[in-house]
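*Asks:* The structure is given below, and queries will be raised subsequently.
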């Protein structure tokens, strides 16, 4: 079974094209210049506290990526950028990224998501790899890798995700065939969110939520609503100083805490059920990432809980929107869509027998997903605080300064993207699905 997708899109124009680099010549290399002090780094114009006020008024910073692009065009490949009490240096060239990575220690420091951190501090919860830094981050990451990121671990939970994907396709096909026209035009985002939450829950906790069935349970829908509310409120609180936002955004903080409370409650109940099953004896089959972490016992139960809560929250929108935009791009490129369909049909029998082979048997699909992530990156920057002095673009950058390097694309965008914690389309592109017999 396969679908043909068509998109109803629009042209937005080439608003995110980089300037061309100057042509390399054959002249002799210029004499080295004296390194300039940090204060000489170009500074983004504007008042740092007015930026905070603007973020509060707009309940987020949806055009941050466009502002960064314009500033790079005006000031060059490096500039200082201040928001409230946060001081940053933005760089964009690959050679500067390489220099930053060379001075980075095995324990990179990343600015934590303050709204997430505030909830854990207030409730007395332990942090996971999303929020940790230093030796504790490295310890947790090394303990998680074998059961989350290793090839062996991926091969274990691929069949779970594959089963959810097949249910998702069958449910969508049933809706298409119910239409007398044999086609269905819709906003596919809710269905994709259902799929990603369902797949994430199964891979992590070994249990289904029933979101893809005809009548999802109220508890499952409440969990999905809590995830969406948490992510929405994160975007609204992300750049506001906590001391200010507790007065200006009290309602948003209340929504944020209540959403996290329900997410934590769901994760605790799922982990407790796994504990009870393990107490009855070692399972005879793979039961998900959490079960493996508890059996391995390399992390404390509290650390397992903290990491799995963050994996639950962080695996939904970062999967849903790239998948959505992949469908959108395939709808606009029917030749690529046809080639992908032919590839999947050729590998269908082998993958059905052994889902683990999907990683190697579908190279064109992997390339299409990578291209989507290049065109529509999940995040707009990667943040690090340098641990030692470094020279970038002939400017001295002292240790401890936060550096951002922009993730950009050289292609023309046809859908306007906005930054709401992750990158997503500002307007929902509709997709038309037709069943192929």
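Only the coordinates and a few stated rules stand behind these numbers; no lab work does. Values in this document were obtained by computation on a predicted structure and should not be read as measured data.
*Asks:* Could you give the Stokes-Einstein D for the range 179-243 in µm² per second, using the C-alpha Kirkwood radius, 10 °C, 1.306 mPa s?
*Replies:* Stokes-Einstein gives a translational diffusion coefficient of 113 µm²/s.
*Asks:* Next question, about the same structure. Give me the percent of Cα-Cα pairs in the range 343-385 that sit more than 15 Å apart, rounded to a whole number. If you can, show how the numbers build up before the last one.
*Replies:* Numbers: 489 of 903 pairs.
Of all Cα-Cα distances in the range 343-385, 54 percent exceed 15 Å.
*Asks:* Helix 218-237: angle to the longest alpha-carbon principal axis of the chain, degrees 0 to 90, nearest 10?
*Replies:* Tilt relative to the chain: about 10 degrees.
*Asks:* Take the alpha carbon gyration tensor of the range 298-346, find the square roots of its eigenvalues, order them as a ≥ b ≥ c, and report rounded if a/c is under 1.5; if not, report prolate when a/b exceeds b/c, else oblate. Write down the numbers at each step before the final one.
*Replies:* Working: a/c = 8.03, a/b = 2.72, b/c = 2.95.
Oblate, since a/c reaches 1.5 and b/c is not below a/b.
*Asks:* Additional query: Classify the range 302-383 from the C-alpha gyration tensor, please: rounded if a/c falls under 1.5, else prolate or oblate depending on whether a/b exceeds b/c. Working shown, then result.
*Replies:* On the way: a/c = 2.90, a/b = 1.40, b/c = 2.07.
Oblate.
*Asks:* While we're on this one: Working from the alpha-carbon coordinates of the range 50-141, get Rg over Rh, Rh being the Kirkwood radius.
*Replies:* Details: Rg = 16.4 Å, Rh = 15.9 Å.
Reported Rg/Rh (Cα atoms, Kirkwood Rh): 1.03.
*Asks:* In Å, what Rg and Dmax follow from the Cα atoms of the chain?
*Replies:* 23.6, 75
*Asks:* Once you've got the GNM for the chain with C-alpha springs shorter than 10 Å, pick whichever of 236, 272, 225 has the biggest mean-square fluctuation.
*Replies:* The residue with the greatest mean-square fluctuation here is 272.
*Asks:* Also: Kirkwood hydrodynamic radius (Cα pairs, Å) of the range 226-294? Let's see the in-between values first.
*Replies:* Values: mean 1/r = 0.0697 Å⁻¹.
About 14.3 Å for the range 226-294.
*Asks:* If you fit an axis through the alpha-carbon atoms of helix 301-314 and take the longest principal axis of the Cα set of the chain, what angle between them do you get, 0 to 90°, nearest 10?
*Replies:* Around 80 degrees separate the two axes.
*Asks:* Further, regarding this structure: For the range 84-136 and the range 158-193, what is the separation of their C-alpha centers, rounded to whole Å?
*Replies:* 38
*Asks:* If you take the square roots of the eigenvalues of the alpha-carbon gyration tensor of the range 147-314 and sort them as a ≥ b ≥ c, do you get rounded (a/c under 1.5), prolate (a/b over b/c) or oblate? Don't skip to the answer; put the middle values down first.
*Replies:* Numbers: a/c = 2.10, a/b = 1.03, b/c = 2.05.
Oblate, because a/c is 1.5 or more while a/b does not exceed b/c.
*Asks:* Counting pairwise Cα distances across the range 213-261, what percent come out greater than 14 angstrom? Each step should come with its number before you reach the end.
*Replies:* Values: 635 of 1176 pairs.
Percent of Cα pairs beyond 14 Å in the range 213-261: 54.
*Asks:* Round to the nearest 10 and give me the degree value, 0 to 90, for the angle of helix 250-279's Cα axis relative to the longest principal axis of the chain.
*Replies:* 50
*Asks:* Based only on the alpha carbon positions, what is the Kirkwood hydrodynamic radius of the range 220-359, in angstrom? Don't jump to the answer; show the numbers that get you there.
*Replies:* Numbers: mean 1/r = 0.0532 Å⁻¹.
For the range 220-359, inverting the mean 1/r across all distinct Cα pairs yields 18.8 Å.
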